[in-house]
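Following: one structure in structure tokens, then a few remarks.
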Amino acid sequence: LSGVPKSFISRHHSLHDGANDKEGALVNMRPDTTLMNGLEFFMTDSEQRFVTSYLVSGDASKLAAATEMLHYVSALSRQGITPNSKRSNSFYGNTNSMMGSIREVIREGNEARRMEQEGGAGTNSAGVLAEMFVPLAKEKRRNREQMNLELKKQFEYMSKFPLPLRMPKYAELTAHKRGFSLTFRDDTWDGTVLDAFCKISVTKSLLGHVSVTKLNAQSRGIRSIVDVGSSKPNGRGQIDTSRPRVIVASISAEGGQQGIMIGDVVSHINGSQFYGSARDLLQ
């Protein structure tokens with residue numbers, strides 16, 4: 001995206017910039033549920049179009065805004081909270097409807113996280129759920145068959161159009177005196193599309209020497225994507241010049257619980273695009 005891998009976002013990013021986009025531009029946007037990892041069931045159709053358009057925009061700030069919104073939706077999903085009427089109707093008849101829906105997602109997400117922390121989530125809904133989900137065996141079987149069919153279609157689609165190994169993510173980490181509970185290392189992006197499908201591992205020897213290993217994933221789907229940006233067959237998909245970047249070298253329990261992986265690229269810090277070095281993150 002924008003020629004630079006953007007796969008790790010730390011701390012808070014403001015969604016207000018994205019709220020000013022024209023909503024009419026989203027009408028013809030088809031939601032890509034493969035980018036949402038099951039969270040689409042907890043979003044309105046308009047929210048799905050909004051997130052899809054931002055994830056594929058190629059704009060780093062919009063990418064950060066989309067991942068932040070998915071972060072709050074994830075909190076809602078853990079509580080089983082689906083869109084309420086305010087969110088479902090927020091995109092109609094209101095010039096500030098996009099911002100209204102985003103605010104509602106954040107409000108609900110924060111409330112869901114608060115309930116998780118207090119340990120009192122879900123106790124009031126158990127009886128309602130028990131009454132709602134008592135379908136007949138035939139209906140269960142039909143739903144299961146439909147689900148298996150959808151999964152098969154999605155698997156075939158993902159085989160033809162695989163996603164990068166390092167997908168955008170948003171994480172909130174506790175800052176310590178010595179920085180984050182992660183370690184970072186300076187690295188270089190080689191300017192190719194193939195790098196997005198490259199598994200990065202960081203190892204440290206007994207003598208303290210740190211080495212970075214990059215292993216390219218290979219499949220027919222990946223090759224077809226990379227060849228689009230290649231001037232010749234079996235190329236690397238060169239789309240830009242080499243640029244410095246910072247990757248995650250080791251993770252903590254806190255980071256791992258939020259999906260951070262070794263090799264993730266630092267994109268934003270506290271809502272601002274990050275252009276510094278690994279040393280800068282220690283300050």
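The values are calculated or read from the model by the stated rules, or taken from the named source; none is laboratory data. Being a predicted model, the structure only gives us computed values, none of them experimental. When we count neighbours, we look across all protein chains shown, and the Cβ atoms used for this are built from the backbone with ideal geometry, even at glycine. Ligands, DNA and RNA are stripped out before the accessible areas are found, and what is left, the full protein with its side chains, is counted by its heavy atoms. Shrake-Rupley method; radii C 1.70, N 1.55, O 1.52, S 1.80 Å.
State all residues of segment 36-64 that are outside any loop (DSSP other than H, G, I, E, B), over 16 Å from Thr82 (Cα atoms) and open to solvent by 30 Å² or more (accessible area, probe 1.4 Å); if no residue qualifies, say none.
Those that are outside any loop (DSSP other than H, G, I, E, B), over 16 Å from Thr82 (Cα atoms) and open to solvent by 30 Å² or more (accessible area, probe 1.4 Å): Arg49, Ser61, Lys62.
Within segment 240-251, which residues are in a loop (DSSP other than H, G, I, E, B) and surrounded by 15 or more Cβ atoms within 10 Å (Cβ to Cβ)?
Passing the criteria: only Ile251.
Would you point out which residue out of Phe184, Phe161 is modelled with pLDDT of 80 or more, over 19 Å from Gly255 (Cβ atoms), among the hydrophobic types (A, V, I, L, M, F, W, C) and surrounded by 13 or more Cβ atoms within 10 Å (Cβ to Cβ)?
Answer to the selection: Phe161.
Considering each residue of segment 148-199, count those that are part of a loop (DSSP other than H, G, I, E, B) and of a type in the set (A, V, I, L, M, F, W, C), and give that number.
Qualifying residue count, segment 148-199: 9.
Output the residues belonging to segment 174-220 that are touching a helix residue (DSSP H, G or I) at 6+ places or on another chain (Cβ under 6 Å) and over 29 Å from Thr241 (Cβ atoms).
Within segment 174-220, Gly179, Ser181 qualify.
Are any of the residues in segment 26-41 at pLDDT below 75 and of a type in the set (A, V, I, L, M, F, W, C)?
yes
From the list Met69, Met99, which residue is at pLDDT below 70, in contact with a helix residue (DSSP H, G or I) (Cβ under 9 Å, 6 or more places away or on another chain) and either surrounded by fewer than 12 Cβ atoms within 10 Å (Cβ to Cβ) or part of a helix (DSSP H, G or I) (or both)?
When all the criteria are applied, what remains is Met99.
Pull up segment 219-239, narrow it to residues that are of a type in the set (Gly, Ala, Ser) and part of a loop (DSSP other than H, G, I, E, B), then point me to the one that is surrounded by the fewest Cβ atoms within 10 Å (Cβ to Cβ).
Ser231
Please go through segment 168-181 and pick out each residue that is at pLDDT below 85 and open to solvent by less than 90 Å² (accessible area, probe 1.4 Å).
Glu172, Leu173, Thr174, Ala175, Gly179, Phe180, Ser181
Check Val202 against each of (1) part of a loop (DSSP other than H, G, I, E, B); (2) at pLDDT 85 or above and name the one condition it does not meet.
(1)
Can you name the number of the only condition in (1) at pLDDT 65 or above; (2) open to solvent by 30 Å² or more (accessible area, probe 1.4 Å); (3) not in a loop (DSSP other than H, G, I, E, B) that Thr82 fails?
Unmet for Thr82, out of (1) at pLDDT 65 or above; (2) open to solvent by 30 Å² or more (accessible area, probe 1.4 Å); (3) not in a loop (DSSP other than H, G, I, E, B): (3).
Looking at segment 6-18, is at least one residue part of a helix (DSSP H, G or I) and modelled with pLDDT of 80 or more?
No: segment 6-18 contains no residue that is part of a helix (DSSP H, G or I) and modelled with pLDDT of 80 or more.
One residue is enough: does segment 210-218 have a residue meeting the conditions open to solvent by 40 Å² or more (accessible area, probe 1.4 Å), closer than 24 Å to Thr67 by Cα and not hydroxyl-bearing (Ser, Thr, Tyr)?
no
Could you list, in sequence order, all residues of segment 257-283 that are part of a helix (DSSP H, G or I) and surrounded by 13 or more Cβ atoms within 10 Å (Cβ to Cβ)?
Selection gives Asp280, Leu281.
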